[in-house]
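**Student:** The structure follows.
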Number of protein chains: 2
Amino acid sequence: MKNSLLAALGALALPLPSMAADPPPPATPNDIVAAAPAADWKAIAPADLMVMELARDAKGKAQRVVIQMMPAPFSQGWVDNVRTLAAARWFDRTAVIRSQDNYVVQWGDPGGDNPKTAKALPPRLRVMAESEYLTTYSPTLFAHRWGKWRSDSKLEIVPATAPDTNWKGFSDPYASAFSFVGSFPVGMRLKNEDELVPDRYTGRPRMATFVVPKELWPVHCYGMVGVGRGLSPDTGSGAELYVVIGTPPRQLDRNIALVGRVIEGMEFLSTLPRGTGPLGFYETPEEYTPIVSVRMGSDVAGLPTYEYLSTESASFAAYAEKRANRKDDFYIQPAGGVDVCNVPVPIRRAGSGAPAPVGK
Amino acid sequence: MKNSLLAALGALALPLPSMAADPPPPATPNDIVAAAPAADWKAIAPADLMVMELARDAKGKAQRVVIQMMPAPFSQGWVDNVRTLAAARWFDRTAVIRSQDNYVVQWGDPGGDNPKTAKALPPRLRVMAESEYLTTYSPTLFAHRWGKWRSDSKLEIVPATAPDTNWKGFSDPYASAFSFVGSFPVGMRLKNEDELVPDRYTGRPRMATFVVPKELWPVHCYGMVGVGRGLSPDTGSGAELYVVIGTPPRQLDRNIALVGRVIEGMEFLSTLPRGTGPLGFYETPEEYTPIVSVRMGSDVAGLPTYEYLSTESASFAAYAEKRANRKDDFYIQPAGGVDVCNVPVPIRRAGSGAPAPVGK
């Protein structure tokens, strides 16, 4: 039964033996990623990676977590702070202090709640304002593949493909629309504009809806790394970080800064025993997982090169479209839509061929 | 710093000391749940619970998982099979055999992939058809609180509250709309109908959009329990079950049967070490977590009574609305929308007062 189960739950990239008489099965999202040309893969600069070494596990196995930093123009003040903290080796000998099921795992200074025990922060950390949780749209940020861009940066909304399908496209309950900047998902606020345009067939004027992107912000998907803060929006320095380990808590978007995304070693954080104190904080120091070191990737010898599938490539557009419309060996009912967190940007080690499957 | 972090990341139900001079802080979703009257809580019949005892952990601690079964009219053939398997004690001495990060943990017969080693299934298991992944709408199923029902079962869509907000309401990228049946979230396919109705102010005819629900189906949120199957839609008996441990894999909706939801002990499954084989299957029997027993709740002595917050109560409507529009001590930017999996139906042990916080 396991063989059928291997095919079940998502028809992952396990090619079936080819049979000359049968046509090949329809492509899955992972098939599309595996077939992407080399030019569609973009290397991530080591300076944009952060490597966190947790204490070895009970069997003596190393536990390395690799985080890709949030690219400009998002959250750059907090990203700068995290770089400053890593350069000062401030995170070394801190710990994972919280694990709340279906929410977050969090790390930082266990003594940080008491001024007498708190570890001194390095100088020159920036204090960020609430306005920096989002950024103003610029047409150079990305190519949006699910609409028709015009030279004036307006996007013509692509209508529903067919009224009898359930097609919802790339809609988002938390934003006007979503897209990707570099390898990061973003939410967008759009301004609708109705305009008379010439109909492509008759040449007569017809009403069309365009949208003008106004603001963008990074979104809370599984594996995203954010900056813990207090009640005041400007209180998060970057010295307390968390990672999402469950349902994307999208209500935190625009309320808290995201500084990166775990691209390897996520399982070392997501499987930590849940804390039994309020909000999943551990109740005794014995439960903490010590953090041995945190370094920027450029300071780590022998680090592999990581690559992401360019979100502006045709491969990515086909992959996203396929994730919204699964119909293959396993899937019988295409969803006709997808949410931004269910289009994870594929990551691989350079030279490794197809990346690790993205889970389904 | 921990005190501020306790308030951070969601302003959970930790009441601040009241200060006579200050007005109370705005209610959070958890405040609303905590204030719900007793009549809004509905007991779950023990016969609708399934109790799975995993082997004790390394420290000798019991690991009990409590699952609420999917109510009629959804997935009832598979639910019957799971009841039959539990009654036959078939799951006893099976094991957790798979743990794939950000996807599922799965259990069943480790020898099930080989006819020579497979455990014999009890007789009279039902074979279910693809059509049973969804059900036809009936107006007795639920009260929809986010539109105006008419006597002919048509729902008038409530328009956006204000054009300058980002309000997306209770939209869903995977379905026309979502709602709840009992304590379970459902997706719906609706049929749009435009009609001329008298304007409430002028009395003149105006165009209004109504919807007629056509079909409903259970959805894949965190903690939902489903039936593993092979490539053919009718191959899942219920002897292999999985639970969602990451981003809701909503593309599986209507492609695979959901039979329940973990309501207690989820952390014993979600923190299991991830398997290193394809799809997160464990590669050696030593990695399995043995399942000691699986019994229906009516066969478990001393089981607590569990209750859920009625999804047809005013408390639940207020809670859902608040989850879509967080603005309180911590939240500065209400999302203006929410997805179905971010409105988890609150569960508590009877007599315990406020339930465990739902995570954010």
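The values are calculated or read from the model by the stated rules, or taken from the named source; none is laboratory data. It should be emphasised that the depicted structure is a prediction, and the values quoted were computed from it without experimental measurement. Here the Cβ is made from the backbone with ideal geometry for all residues, glycine too, and neighbour counts use every protein chain on show. For accessibility, only protein heavy atoms count, side chains too; no ligands or nucleic acids. Shrake-Rupley method; radii C 1.70, N 1.55, O 1.52, S 1.80 Å.
**Student:** So which residues in the range B:84-123 are open to solvent by less than 10 Å² (accessible area, probe 1.4 Å) and in contact with an Asp or Glu (Cβ under 6 Å, 6 or more places away or on another chain)?
**Tutor:** Hits for the range B:84-123 are B:THR94, B:GLY108.
**Student:** Report, by residue number, each residue of the range B:321-346 that is within 18 Å of B:GLY223 (Cβ to Cβ), open to solvent by 10 Å² or more (accessible area, probe 1.4 Å) and in contact with a Leu (Cβ under 8 Å, 6 or more places away or on another chain).
**Tutor:** Passing the criteria: none in range.
**Student:** A:ALA318 is checked against (1) at pLDDT below 90; (2) in a loop (DSSP other than H, G, I, E, B); (3) open to solvent by 20 Å² or more (accessible area, probe 1.4 Å) and fails just one. What number does that condition carry?
**Tutor:** (2) is the only condition that A:ALA318 fails.
**Student:** Right, something else. Return the total of residues in the range A:102-116 being more than 10 Å from chain B (Cβ to nearest Cβ) and without any contact (Cβ under 8 Å) to a residue 12 or more places away in the chain. Break it down into steps so the answer makes sense when it comes.
**Tutor:** Initially, the range A:102-116 is screened for residues more than 10 Å from chain B (Cβ to nearest Cβ), giving A:105, A:107, A:116.
Still in the running and without any contact (Cβ under 8 Å) to a residue 12 or more places away in the chain: A:116.
Matching residues across the range A:102-116 total 1.
**Student:** Looking at the range A:289-315, which of its residues are assigned to a helix (DSSP H, G or I) and at pLDDT 95 or above? Walk me through it before giving the result.
**Tutor:** Of the range A:289-315, the ones assigned to a helix (DSSP H, G or I) are A:297-299, A:314-315.
A:GLY297, A:SER298, A:ASP299, listed by residue number.
**Student:** Of all residues in the range B:254-267, which are crowded, with 24+ Cβ neighbours inside 10 Å and either facing another protein chain (nearest Cβ under 9 Å) or in contact with a Leu (Cβ under 9 Å, 6 or more places away or on another chain) (or both)?
**Tutor:** B:ARG254, B:ASN255, B:ILE256, B:LEU258, B:VAL259, B:GLY260, B:VAL262
**Student:** For the range A:210-251, enumerate the residues that are open to solvent by less than 10 Å² (accessible area, probe 1.4 Å) and free of Cβ contacts under 8 Å to residues at least 24 places away in the same chain.
**Tutor:** Scanning the range A:210-251 gives a single hit, A:GLY230.
**Student:** Okay, moving on. Taking the range B:274-307 as the search range and keeping residues that are open to solvent by 70 Å² or more (accessible area, probe 1.4 Å) and aliphatic (A, V, I, L, M), which one is nearest to the other protein chains (Cβ to nearest Cβ)?
**Tutor:** Selected residue: B:VAL292.
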